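The values are calculated or read from the model by the stated rules, or taken from the named source; none is laboratory data. Note that the coordinates shown come from a computational prediction; the quantities given were computed from them, not determined experimentally. Quick reminder, even Gly has a Cβ in these numbers, built from the backbone with ideal geometry, and neighbours come from all protein chains shown. Calculation scope for accessible area: heavy atoms of the full protein, side chains included, ligands and nucleic acids excluded. Shrake-Rupley method; radii C 1.70, N 1.55, O 1.52, S 1.80 Å.
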Amino acid sequence: MELNFTGTDLCAINGTRSAPETHYDTVVIGAGPSGVAAAIDAATAGAKVLLVDENPVSGAVMGNDVPLYFGGRMTSATQNAERMLEAIFMSMPALETAMDAGVELLLGTTAWGVYRNGPGVASLPQQVVGLADSERSWLVGFDKIILATGARDLAMAFPGWNQPGVMGAAALQMLLTRYEAFAGRRMLVLGSHDLALETALLAKDRGVDVLGLIEVRDAPQGHSDLVAKVAAAGIIIHCGQTITAAKGGINGVESATLKTGEEIACDTICVAIGLIPSIELVDAMHGPRALSAMRGGYIPAGEPTVSAVGDCAGLADSGFDHIAYRMDWMRALSSVSADDTIICQCEEVTRADLIGVQPPNYLSRPAPMCARSLDTLLEDGPANPDQIKRLTRAGMGVCQGRRCRDQVAMLLAIEADKPFGSIPLASHRAPVRPLPLKILAEWDEPAEMDAAWDVWFGIPTAWVPHEDIGTPYQDEHREMLYTGMYK
Amino acid sequence: MSGSEVVIVGGGVTGLSAGWWLARSGVKVTVLDKFIVGWEASGRNGGGASHYASPLFDEEQRMWPQMDELLGYPTEHQKERIIIAMTERQWEQYRFVAERHKRLNHAVELLDTKQVLDAVPLASEKAFGGVHYKFGGHANPQRTTQAYAWALQDLGGTIVQHSPVTGFETAGGKVTAVKTATATYGCDNVVVAAGPQIPQLMAQLGVNVPLAAARAEMIITEPAPMMPLTGVDGHKLYGRQTMRGNLAYGGGPHEWLDMDADGPAARPSTPLARNLAKRLAEMLPKAAHLNVIRSWAGIIENSPDGRPIIDRLTSPDNVVVASMSSVGFGLSPASGHAIRDLVIDGKCSFADIDILKLSRFDNLEADWREKRGWMPIS
Ligand SMILES: Cc1cc2nc3c(=O)[nH]c(=O)nc-3n(C[C@H](O)[C@H](O)[C@H](O)COP(=O)(O)OP(=O)(O)OC[C@H]3O[C@@H](n4cnc5c(N)ncnc54)[C@H](O)[C@@H]3O)c2cc1C
């Protein structure tokens, strides 16, 4: 078969992508206080600005503990999209100021990926951010992007944590303030640093019965003013204590058991041990980031076109080592819970299987498999959470590892007896929010994309059965399967 | 200097399978990888194992059903495939391929729309038809890669990770040692199975291996209800339903890349995820509400004719080079066997693999990449 090459590979990506729908000088992701302020600043300086915020998120998304750890404790009001839109808008008067300043605002709109040319990719017409609402997804071009994505909840495993009613502090604050849709009444709080103290005070203020705070360390951890306020509100801080189990029924949590054996009746256990700066977009775009124990985890390291503000740039540094604190909690909870405690809820991975690097239960475990463990894996190289994910599926589920990724890293550090910072950050991948196929789909893709589409490279000789090479059939094969690709 | 009878450069499926086959023959092997086994294409692919075009096909088909047992670790291998046509043109093309299979005595069955819907509950009423391959299959690439590595260790072989090979020592027309930044590994034979980095490594031995690297992408959804047959693709997509239920699919335009000796600096995915999502939602509309939870990319190399290169060189004469030209996962049980044979016996025992010789490119034009349009975007 003579192939006359034309110098063009019609199945390559070159020139097949759609241009972004619109272009802004500045796109701000996240309409919390710092995002709104950044948007107003940029607009006041004359820039064309788009401000997006994923809230209100749908009840279905919340049900997956995305983007925060809602623990099923949202009221049915969250099912009513219009009402939630109104509640959110009303709860944030600054949004109106932003619009008056000329900022274009899109609520209920998720940013699921930021893409730009760099190592390994040169085919993008320009740098874009992928957006999606409840109807569709689209791309927006930008000169500058400001991430104000806030911080997400650190979840912690203990027996019974995988039921409705165990939730995170950021989710609780969101439900209490922006959504006014918290379904709990009687709440126990884990932690006693500022986050836990502030959460307890807010909840009490909003009429929630706060039954106490549980602290693994021997003294309250937060600022003395806040500790005093909590004491003045009559809320007890149980120090040197930990939770050993949550018991519950069909509606989730009904009580918490402490190390002392004491059982406290409650419908909500709020995990307020820590917040993690939400750097999913930065990491998924291969942006630089660095670990900061004082600022809550990995934070963006900064670059000209991508900046971060607010909690996603790092929690306020008050001299508190968040990582050491979390590790104390992790050690305490691990020591009082059985090995079969679930760590990854989506994939039902237990701590024993995580540390044993065992496959899920639907696969067989022959003797050689059972003989493998983290210890044997460590003989071949340092612990890597992405490798553990491949083998155990921990972090592979629909919550995209939000509930377990931090715990997996901590457990690996503990088991490998290495500092937390030596464990690589498990990779984030776009879409950084779960997005239905029909929403993510580019339904109106350019004709060039379809014209270039081949199942695999479209090299005319590659799939000719070897028996047919040099026979007339190979030309027939090429005609039928690769017409138009090469002359 | 530590030594091994055979040192293998590259801990992807090709190098690992070769190491496993050699270890099964009692040979002392060491596999060196620049990072963790399977971190490149071998852990990022579609898992397809139905390479009927290859001379290694029969061995691929013979081996896969036995792999879990032989390795001692699960690979999630699942048998058979159904290819769904969503356009008239695809239907024409898939039937053409089916006819060819019949002539080659590969068992296939044509399915009409109703049969497609019966066999694939998530499929579309708009399907033109389908072809049921009663052969082939798919497996979990990440589990399989680690299974090879572990099985090789169980047989006494050695895996050295985080150790990029930087060069070779030669004497008397042979490679005598393989070097990394920190160590030198003496050897009687070398296998170079370093994927897209083969050209840079082989250039150090004065051997020109024409390969072009490219990036390809996939998406995966949350679990869908298990389908009776999980090897479902078509509509110009490749992919599979995992044993957990997730739908993992790829296809569409690739991006050609430059490659240096350090290998891929990054493996970024792009908004192509949207075009994959569109086709998957068209082919399996009853899954269109399912969430996409990740996308990823992998880097693979292609030879000028898109077929693998598996060859034992004449000079230096103790080197086997193996590039699978972007179809290496499924073929790995067979490519490893062929490499074992070339190392030990100098000849493949179970198939005629002369069409995979490097010498077929002896007279290749210097500008072969430009001619094909396989150049990176500048
Ligand atoms: C998105 C995608 C989908 C695919 N789908 C399929 C499919 O469905 N079916 C199929 O059969 N194939 C598929 N492929 C192709 C398949 O993945 C590859 O052909 C196969 O994995 C190649 O394996 P390998 O071991 O030859 O190379 P690689 O997996 O590239 O491994 C090479 C190894 O060598 C190491 N290395 C490189 N340089 C050095 C050095 N200097 N020193 C030490 N180590 C080094 C690398 O770290 C790497 O681990 C797909 C590929 C991609 C990217």
Worksheet item: Does A:L377 count as in contact with a helix residue (DSSP H, G or I) (Cβ under 8 Å, 6 or more places away or on another chain) and in a helix (DSSP H, G or I)?
Response: yes
Discussion item. Exactly one condition in (1) open to solvent by less than 30 Å² (accessible area, probe 1.4 Å); (2) out of contact with any helix residue (DSSP H, G or I) (no Cβ under 8 Å at 6 or more places or on another chain); (3) within 10 Å of the ligand (Cβ to nearest atom) is false for B:G186; which is it?
Written reply: (3)
Discussion item. Exactly one condition in (1) facing chain B (nearest Cβ under 10 Å); (2) within 30 Å of A:N361 (Cβ to Cβ); (3) open to solvent by 40 Å² or more (accessible area, probe 1.4 Å) is false for A:I414; which is it?
Written reply: (1)
Item to complete: Working only within region A:1-49, note down all residues that are more than 14 Å from chain B (Cβ to nearest Cβ), buried (at least 21 other Cβ atoms within 10 Å of the Cβ) and hydrophobic (A, V, I, L, M, F, W, C).
Response: A:V27, A:V28, A:I29, A:A31, A:V36, A:A38, A:A39, A:I40, A:A42, A:A43, A:V49
Fill in: Filter pass, A:N162 being more than 30 Å from A:V349 (Cβ to Cβ) and open to solvent by 40 Å² or more (accessible area, probe 1.4 Å)
no
Item to complete: Output the residues belonging to region B:144-174 that are surrounded by fewer than 23 Cβ atoms within 10 Å (Cβ to Cβ) and away from the ligand (no atom under 12 Å from the Cβ).
Response: B:A151, B:Q153, B:D154, B:L155, B:G156, B:T158, B:E169, B:T170, B:A171, B:G172, B:G173, B:K174
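Listed residues B:S332, B:S295; which is more than 7 Å from chain A (Cβ to nearest Cβ) and surrounded by 22 or more Cβ atoms within 10 Å (Cβ to Cβ)?
B:S332
Rundown of residues vs (1) at pLDDT 95 or above; (2) outside the structural domain of A:P304 (by TED's automatic domain parsing); (3) buried (at least 24 other Cβ atoms within 10 Å of the Cβ); (4) more than 12 Å from A:I269 (Cβ to Cβ), yes/no style:
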site	(1), (2), (3), (4)
A:V129	yes, no, yes, yes
A:A132	yes, no, no, yes
A:E135	yes, no, no, yes
A:L172	yes, yes, yes, no
A:L175	yes, yes, yes, yes
Worksheet entry | Matching residues, region B:217-227, being closer than 27 Å to B:R89 by Cα and either of a type in the set (D, E) or more than 9 Å from chain A (Cβ to nearest Cβ) (or both) | B:E217, B:M218, B:M227
Worksheet item: Quick one: in region B:8-33, which of the residues that are within 13 Å of the chain's Cα centre (by Cα) and aliphatic (A, V, I, L, M) is nearest to the ligand (Cβ to nearest atom)?
Response: B:V13
Worksheet item: Of these, A:D339, A:D380, which one is free of Cβ contacts under 8 Å to residues at least 24 places away in the same chain, in contact with a strand residue (DSSP E or B) (Cβ under 8 Å, 6 or more places away or on another chain) and open to solvent by 40 Å² or more (accessible area, probe 1.4 Å)?
Response: A:D339
Worksheet item: Among (1) at pLDDT 95 or above; (2) within 12 Å of chain A (Cβ to nearest Cβ), where does B:W64 come up short?
Response: (2)
Practice prompt. Name the single residue, out of those in region B:345-363 being within 12 Å of chain A (Cβ to nearest Cβ) and of a type outside the set (G, A, S), that is nearest to the chain's Cα centre (by Cα).
Written response: B:L356
Worksheet, complete the sentence: Within region B:234-268, the residues that are farther than 30 Å from B:V116 by Cβ and facing chain A (nearest Cβ under 9 Å) are B:E255, B:W256, B:L257, B:P264, B:A265, B:A266, B:R267, B:P268
Item to complete: Could you pull out the residue among A:V52, A:V66 that is among the aliphatic types (A, V, I, L, M), at pLDDT 95 or above and not in a strand (DSSP E or B)?
Response: A:V66
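Is it true that B:N189 is over 30 Å from A:D283 (Cβ atoms), away from every other protein chain (no Cβ under 14 Å), modelled with pLDDT of 95 or more and in a strand (DSSP E or B)?
Yes: the conditions hold for B:N189.
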Worksheet item: Is it fair to say A:P465 is farther than 30 Å from A:I29 by Cα and either surrounded by fewer than 20 Cβ atoms within 10 Å (Cβ to Cβ) or within 8 Å of chain B (Cβ to nearest Cβ) (or both)?
Response: yes
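Yes/no per residue for (1) within 14 Å of chain B (Cβ to nearest Cβ); (2) touching a strand residue (DSSP E or B) at 6+ places or on another chain (Cβ under 8 Å); (3) part of a strand (DSSP E or B); (4) more than 19 Å from A:L50 (Cβ to Cβ):
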{"residue": "A:W112", "(1), (2), (3), (4)": "yes, yes, yes, no"}
{"residue": "A:G130", "(1), (2), (3), (4)": "yes, yes, yes, no"}
{"residue": "A:E135", "(1), (2), (3), (4)": "yes, no, no, no"}
{"residue": "A:I146", "(1), (2), (3), (4)": "no, yes, yes, no"}
{"residue": "A:A155", "(1), (2), (3), (4)": "no, yes, no, yes"}
{"residue": "A:S192", "(1), (2), (3), (4)": "no, yes, no, yes"}
{"residue": "A:K204", "(1), (2), (3), (4)": "no, yes, no, yes"}
Worksheet item: Does A:P385 fit the bill of being within 12 Å of chain B (Cβ to nearest Cβ) and either within 30 Å of A:N55 (Cβ to Cβ) or at pLDDT below 95 (or both)?
Response: yes
Worksheet item: Only one residue in A:A308, A:A367 is surrounded by fewer than 20 Cβ atoms within 10 Å (Cβ to Cβ) and either within 14 Å of another protein chain (Cβ to nearest Cβ) or small (G, A, S) (or both). Which one?
Response: A:A367
Worksheet item: Just to be sure, is B:L358 away from the ligand (no atom under 16 Å from the Cβ) and open to solvent by 10 Å² or more (accessible area, probe 1.4 Å)?
Response: no
Worksheet, complete the sentence: The lone condition B:R81 fails out of (1) touching a helix residue (DSSP H, G or I) at 6+ places or on another chain (Cβ under 9 Å); (2) crowded, with 24+ Cβ neighbours inside 10 Å is (1)
Response to the item:
The number of residues in region B:86-110 that are in contact with a strand residue (DSSP E or B) (Cβ under 6 Å, 6 or more places away or on another chain), open to solvent by less than 30 Å² (accessible area, probe 1.4 Å) and within 17 Å of A:Y482 (Cβ to Cβ) is 0
Worksheet item: Taking the stated definitions as given, is B:G46 in contact (Cβ under 8 Å) with a residue 40 or more places away in the chain, among the small types (G, A, S) and within 8 Å of the ligand (Cβ to nearest atom)?
Response: yes
Discussion item. So in region B:220-235, with the set limited to residues that are assigned to a loop (DSSP other than H, G, I, E, B) and among the aliphatic types (A, V, I, L, M), which one is nearest to B:H138 (Cα to Cα)?
Written reply: B:L229
Worksheet, complete the sentence: For region A:449-462, the count of residues that are facing chain B (nearest Cβ under 9 Å), more than 16 Å from the ligand (Cβ to nearest atom) and farther than 13 Å from B:A53 by Cα equals 3
Worksheet entry | Filter pass, A:V210 being out of contact with any Ser or Thr (no Cβ under 8 Å at 6 or more places or on another chain), within 14 Å of chain B (Cβ to nearest Cβ) and not in a loop (DSSP other than H, G, I, E, B) | no
